[in-house]
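First the structure, in the form of structure tokens, and then the observations on it.
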Amino acid sequence: MKKRYILENSKSLLVLLVLFFSSCVFAQQNNTTPIMENQFWKNVQFGGGLGLGFGSGYTDISVAPSAIYNFNEYVALGIGAQYKYLKQKDYYASHLYGGSLIALLNPIREIQLSAELEQLRVNVNLEGSNSNSLDYWNTGLFVGAGYRSGSATIGARYNVLNDKNGIYGSAFMPFVRVYF
């Protein structure tokens, strides 16, 4: 019941954010000059993460691009996409994919606070089991803090929606974030 309530609320939040951003885009005049258009892209940064892990019969590959818009030197909002492939030989193979909304707050130049709402579709194919697959949605709400130097931030984040049956082994996770 709790997950359904959270899922419905996260969908509502996503719809509101999409409507807000689309209304801002459609409210612009058609006769913008190239200087005005360049101002928008001047405030956009792209980044994300790549992951690759191999072990004895284990494979972990992940790709997570993202983009943020810097409203000023203190506040940025953005979106991200994620794909992850996990395989444990003779046990399971899994595909995770979805998106996220990202908010960054820089109260001072060296400190970055973050909040990220993540929605992932999880497909797990189990080997040697009567039920060969599991398909479900997983919602994560991460709050984090990190030390920022230039375009890179290193820190930790905590999934406030984590439970025992979630996709993450722990609610607490370190991160490295880079935007160019």
Of the conditions (1) loosely packed, with under 15 Cβ neighbours inside 10 Å; (2) touching a residue at least 24 places away in the same chain (Cβ under 8 Å); (3) among the hydrophobic types (A, V, I, L, M, F, W, C), the single one that Phe54 does not satisfy is (2)
Looking at (1) within 24 Å of Phe40 (Cα to Cα); (2) surrounded by fewer than 14 Cβ atoms within 10 Å (Cβ to Cβ); (3) not hydrophobic (A, V, I, L, M, F, W, C), which is the one condition that is false for Asn132?
-> (1)
Among Ala156, Ala171, which is the only one that is surrounded by 14 or more Cβ atoms within 10 Å (Cβ to Cβ), of a type in the set (A, V, I, L, M) and more than 15 Å from Gly78 (Cα to Cα)?
-> Ala171
In segment 154-180, which residues are hydroxyl-bearing (Ser, Thr, Tyr) and under 19 Å from Pro65 (Cα atoms)?
-> Tyr179
Which one of these does Asn162 not meet: (1) free of Cβ contacts under 8 Å to residues at least 24 places away in the same chain; (2) under 17 Å from Ala93 (Cβ atoms)?
-> (2)
So which of Asn162, Asn125, Asn138 is crowded, with 18+ Cβ neighbours inside 10 Å, modelled with pLDDT under 95 and assigned to a strand (DSSP E or B)?
-> Asn138
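The values are calculated or read from the model by the stated rules, or taken from the named source; none is laboratory data. None of the values given here were measured: they were computed from a predicted structure. Glycine gets a Cβ as well: all are built from the backbone with ideal geometry, and neighbour counts include every protein chain shown.
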